Amino acid sequence: MHIQKLKVLVEVAKTGSISIAAQNLHLSQSGVSQIITKLEEELGIKVFDRTRLGATLTKDGTNIVKKANEVLLKYEELIGEAQKSLDIHSGVLRVSSLPVFIPFLTKPLLEFKNLFSNSTIEILDNVSERTVDLIQLDKADIGLICIYGEILKNNKDLNIDVILEGKMKVYVSSDSPFASSKSITPEEILNQEIVLYNGDYIKWFIENFQLAFGKMNILFSSNNAEELLRSVSNGLAISFVPDFAMKNNTFLLEGKIVEIDFDSINYEPINVSLGLIHPKKRKSSTIEKNFIKFIKSELLNYLT
């Protein structure tokens, strides 16, 4: 017995009319009538008394329709369980991240994909401010951003999960006279050639630094993080990078560049956080919740 037959049976019982049931189910009246007739033949009992006034349940029919409703309810539960399982293991995720952090995501994403093989993940590389905009416009589901200053001041409709607290650091060549120092003063920074990454936090930091201490000698800026660090390692310039962005960096691990602090200045813009953002206005899918939980754990293990 097909589920569709049970749905027809229940609809005719509910409406008391073959013609109305046919309209509701988008079937022909003759089609519904034939289904009821075949059902009665299959069951060996009369389910409806049919007259010009409509279709009325017989005593046996009342019990049959009750059982049919129970079967349909169980069927819906079955579909729900299957969908729940599908939701856990499949779905499309749009993740917007700073380009510099995308290499950190590669390994966790591969592991996540192995666990949730039917999921599709789209990675968008954007600066933090653009990522915030994309989340609000529902053009991205999750964002990995630098949280600084007032970037999220007027964004109360976002959920924010801080992964790491960090600070802006200065990076110099291992051959630099500053390499043996633990810190560098603002005055000394102003006398150095500087190369910068084209990120919104970096730009915001530089603007505030120059307002506080004076104009920097900026050699060039670029989106190519590796080329910037190569310039630093070759002694052409110094650079500024949040410390968590340099964890496990090859130039740093191989001793080609050295990390030093800003000289004991009470300067708030050096404080920065790495965080995940996602919208409050809609309920997160199961795949999103799993991804956020997984990526937070993996990034913490990788970056600490």
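The values are calculated or read from the model by the stated rules, or taken from the named source; none is laboratory data. Remember, it's a predicted structure, so these values are computed and weren't measured experimentally. FYI the Cβ positions are ideal-geometry reconstructions off the backbone, even for glycines, and counts take in every protein chain you see. Just so you know, the surface numbers come from the protein's heavy atoms only, side chains and all, with ligands and any DNA or RNA stripped out. Shrake-Rupley method; radii C 1.70, N 1.55, O 1.52, S 1.80 Å.
Data overview
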{"quantity": "Isotropically averaged projected area of the stretch 224-270, using the convex hull of Cα atoms (one quarter of hull area), nm²", "calculated": "3.8"}
{"quantity": "Difference of contour (0.36 nm per residue) and Cα-Cα distance, residue 70 to residue 23", "calculated": "14.6 nm"}
{"quantity": "Listed pairs 215/247; 167/296; 203/247; 113/283 exceeding 25 Å between Cα atoms", "calculated": "215/247"}
{"quantity": "Range in the chain, longest, excluding exposed GluC sites (Glu not before Pro) [loop by DSSP; at most 10 other beta-carbon atoms within 10 Å]", "calculated": "1-149"}
{"quantity": "Per residue solvent-accessible surface (Å²) - the chain, probe of 1.4 Å", "calculated": "54"}
{"quantity": "P(r) weight above 25 Å for the stretch 177-274, C-alpha pairs, percent", "calculated": "11"}
{"quantity": "Rg in Å to one decimal, and Dmax rounded to a whole Å, for the stretch 130-187 via C-alpha atoms", "calculated": "17.5, 49"}
{"quantity": "Set of lysines near residue 46 by C-alpha distance (under 27 Å), chain-local residues within fewer than 8 positions excluded", "calculated": "5, 7, 14, 38, 59, 66, 67, 74"}
{"quantity": "P(r) histogram, all alpha-carbon pairs of the stretch 1-52 included - 10 Å bins from 0, percent", "calculated": "27, 62, 11"}
{"quantity": "Cβ-placed point charges (K, R +1; D, E -1), dipole of the chain about Cα centre in debye, nearest 20", "calculated": "1720"}
{"quantity": "Nearest-0.05 FRET efficiency for residue 155 and residue 115, computed from C-beta distance (R0 35 Å)", "calculated": "0.70"}
{"quantity": "Taking only Cα atoms of the stretch 110-149, radius of gyration then Dmax in Å", "calculated": "12.5, 38"}
{"quantity": "Computed [θ] at 222 nm, deg cm²/dmol, the chain (DSSP H ≥ 4; -39,500 (n - 2.57); rounded to nearest 500)", "calculated": "-14500 deg cm²/dmol"}
{"quantity": "Placed amide H near residue 223: partners under 5 Å, 5+ positions off or other chain", "calculated": "198"}
{"quantity": "Gained length - residue 213 relative to residue 190, 0.36 nm times residue gap less alpha-carbon distance", "calculated": "7.5 nm"}
{"quantity": "Whole-Hz ³J(HN,Hα) from phi, Karplus 6.51 cos²θ - 1.76 cosθ + 1.60, for the stretch 245-257, glycine and proline x", "calculated": "6, 9, 4, 6, 6, 4, 4, 6, 5, 7, x, 6, 10"}
{"quantity": "Stokes-Einstein diffusion coefficient of the stretch 111-219, Kirkwood radius over Cα pairs, 4 °C, 1.567 mPa s, in µm²/s", "calculated": "75"}
{"quantity": "Cα-based Rg of the chain normalised by 2.2 N^0.38 Å, two decimals", "calculated": "1.66"}
{"quantity": "Magnitude of the charge dipole, the stretch 132-290, Cβ model with Lys/Arg +1 and Asp/Glu -1, debye to 20", "calculated": "580"}
{"quantity": "Rg [Å, one decimal], Dmax [Å, integer] - the stretch 182-231, C-alpha atoms", "calculated": "11.2, 29"}
{"quantity": "Built amide H within the under 5 Å cut-off of residue 98, gap 5+", "calculated": "126, 144"}
{"quantity": "Once the Cα gyration tensor of the stretch 229-304 is diagonalised, semi-axes √(5λ) in Å", "calculated": "33, 17, 10"}
{"quantity": "Of all accessible heavy-atom area on the chain, the percent that carbon and sulfur account for (1.4 Å)", "calculated": "51"}
{"quantity": "Reciprocal mean inverse distance between Cα atoms of the stretch 1-159 - Kirkwood radius, Å", "calculated": "20.4"}
